[in-house]
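The values are calculated or read from the model by the stated rules, or taken from the named source; none is laboratory data. Keep in mind the model is a prediction, meaning the values are calculated, not measured. In this analysis, Cβ positions are derived from the backbone assuming ideal geometry, glycine residues included, and neighbour counts consider all displayed protein chains. Note: areas computed on protein heavy atoms with side chains; ligands, DNA, RNA excluded. Shrake-Rupley method; radii C 1.70, N 1.55, O 1.52, S 1.80 Å.
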Amino acid sequence: MAMAMEGAAALKLAPLRPFCPNSTLTLTTSSSSRASFRRLSSSSSCSSLSVLADSDPSASGSLSLGHLTRPDFPILHQEVNGSKLVYLDNAATSQKPNSVLKAVQKYYQAHNSNVHRGIHFLSAKATDEYELARKKVAEFINAGDSRDIVFTRNATEAINLVAHSWGLSNLKPEDEIILTIAEHHSAIVPWQIVSKKTGAILKYVDLDGGEVPDVSKLRGMLSKKTKLVVVHHVSNMLASILPIEDIIQWAHDVQAKVLVDACQSVPHMVVDVKALDADFLVASSHKMCGPTGIGFLYGKSELLTSMPPFLGGGEMIADVFLDHSTYAEPPSRFEAGTPAIGEAIGLGAAIDYLSEIGMQKIHDYEMELANYLYESLQSVPSVRIYGPKPSRNIGRAALCSFNVESIHPTDIATFLDQQHGVAIRSGHHCAQPLHRFLGISASARASLYFYNTKEDVDNFILALNDTVSFFNSFK
């Protein structure tokens, strides 16, 4: 089903129903579940909003992880376009719990100062909190040493750091870099730039019949010419979960390094860089309940120590002379200038929050949600879901990219937002090569996190069916 995309005009619709602040709306979401929502005025307090979560599951005797954690996220308790917000765009960015918001506010209110550069109380306190956040990241992914964690603006910058520092120093003509066609643009474009400068060759693995990157083909492509494998752990479009430990072992068998894009795995499951034996791994704070503007690179210490700086300036130096400079040891070598101090502290608070819940608990709950989302979405007429079909042997992440026959995904996303308050994403999800391989230019995507519930899925499906009926009425 080929589609015209990014230039499509957004659908703008007038509300089909009036907003009554104190009215009560009851929606039948499935034959077995019913959600009742109280209309809330904008003056309602966060505490009162927290108790007005989705349908009360206590009657059935148990609370899901989603119901238990939703009160911690004030942004979820609001109305959008006259409807209760249903936030299903978590693969793009996650929402932030109160503890993260308070940690960032506390930094700016109580000990805002530059780090590593002062002996006064505020600077020492800020430095301690900043470096504690680094230690928290290291422990969260089981890195051996906090000095193996480099703070960056985001995962994109972390990949560029590896590409320009390690890549330009180690790659030569005819060396091969293996990627999959399902990689995010930020894992493709930096290596295209580096390959043009070094003469290295990019080789791509396509999908197998189950719409998963063909790992057997990847293994067959590895050779003595392979110097690097760049691969995602979880696809942000297909929801596929790759056997990353096996891929790393195969690459190491031919002396190749591996860079893992873990943006869609670190927030959702236990990730252990020691067990994986990853050479490099990147992730972003904003996808794991932390602030925007900060991510991190994990690198094996011997690799980081051998790499030249990525940017020059303050903090990354040992000594500066007029004709040359010497450089600090990692991670300072790669953190030129004043860092995102408040954001790092916020990331540390997010890790505290996730760790208190438990990443295995989060993963188990999300796998349940993932299957429920997939099965529910299949019931929508003329829907096409991309990626593997879940089974006992095949798991999917808690997201679905999809299209509905003859309806543009941007129209779907616009109607869902304006008429139902449901937030999903439409477009190519920074995966244009993958979309082209699938014969499309765009898709819609609903993506869940642990604070979502089955009621969120029910409301999304109800709204999507209404959306499909609306557009089909014009045929």
Would you call Glu315 in contact with a helix residue (DSSP H, G or I) (Cβ under 8 Å, 6 or more places away or on another chain), crowded, with 16+ Cβ neighbours inside 10 Å and modelled with pLDDT under 95? yes
Any chance Ile385 is open to solvent by less than 40 Å² (accessible area, probe 1.4 Å), in contact (Cβ under 8 Å) with a residue 40 or more places away in the chain, of a type outside the set (Asp, Glu) and touching a strand residue (DSSP E or B) at 6+ places or on another chain (Cβ under 8 Å): no
So which residues in the stretch 303-362 are in contact (Cβ under 8 Å) with a residue 24 or more places away in the chain, among the small types (Gly, Ala, Ser) and at positive phi? Gly313, Gly337
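Where in the stretch 15-117 are there helices (runs of 4 or more DSSP H), lying wholly inside it, with at least 2 residues that are modelled with pLDDT of 95 or more?
65-69, 98-110
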Report whether or not Leu322 is part of a loop (DSSP other than H, G, I, E, B), out of contact with any strand residue (DSSP E or B) (no Cβ under 7 Å at 6 or more places or on another chain), aliphatic (A, V, I, L, M) and closer than 20 Å to Pro190 by Cα. no
For the stretch 186-214, enumerate the residues that are under 12 Å from Ser240 (Cβ atoms) and small (Gly, Ala, Ser). Gly210
Taking the stretch 249-268, which residues are assigned to a loop (DSSP other than H, G, I, E, B) and either surrounded by fewer than 20 Cβ atoms within 10 Å (Cβ to Cβ) or touching a Pro at 6+ places or on another chain (Cβ under 9 Å) (or both)? Val254, Gln255
Which residue, of Leu448, Leu438, Leu462, is open to solvent by less than 10 Å² (accessible area, probe 1.4 Å) and hydrophobic (A, V, I, L, M, F, W, C)? Leu448
Checking Glu245 against (1) touching a residue at least 40 places away in the same chain (Cβ under 8 Å); (2) open to solvent by 40 Å² or more (accessible area, probe 1.4 Å); (3) under 21 Å from the mean Cα position of the chain (by Cα): exactly one of these is not met. Which one? (1)
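Residues are listed down the side, and each one gets a yes or a no for (1) in a loop (DSSP other than H, G, I, E, B); (2) surrounded by fewer than 21 Cβ atoms within 10 Å (Cβ to Cβ); (3) modelled with pLDDT of 95 or more:
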position	(1), (2), (3)
Arg392	yes, yes, no
Cys400	no, no, yes
Asn403	no, no, yes
Phe415	no, no, yes
Ser426	no, no, yes
Cys430	yes, yes, yes
Pro433	no, yes, yes
Ala444	no, no, yes
Given the options Ala182, Ala158, Ala187, name the one that is aliphatic (A, V, I, L, M), crowded, with 23+ Cβ neighbours inside 10 Å and farther than 30 Å from Leu132 by Cα. Ala182
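Report the residue count in the stretch 327-378 for those that are under 22 Å from Ser240 (Cα atoms), of a type in the set (Ser, Thr, Tyr) and not in a helix (DSSP H, G or I).
Here is the first cut: in the stretch 327-378, the ones under 22 Å from Ser240 (Cα atoms) are 359-378.
Remaining after also requiring of a type in the set (Ser, Thr, Tyr): 365, 372, 374, 376.
Narrowing the set further to residues that are not in a helix (DSSP H, G or I) leaves none.
Looking only at that region, the number is 0.
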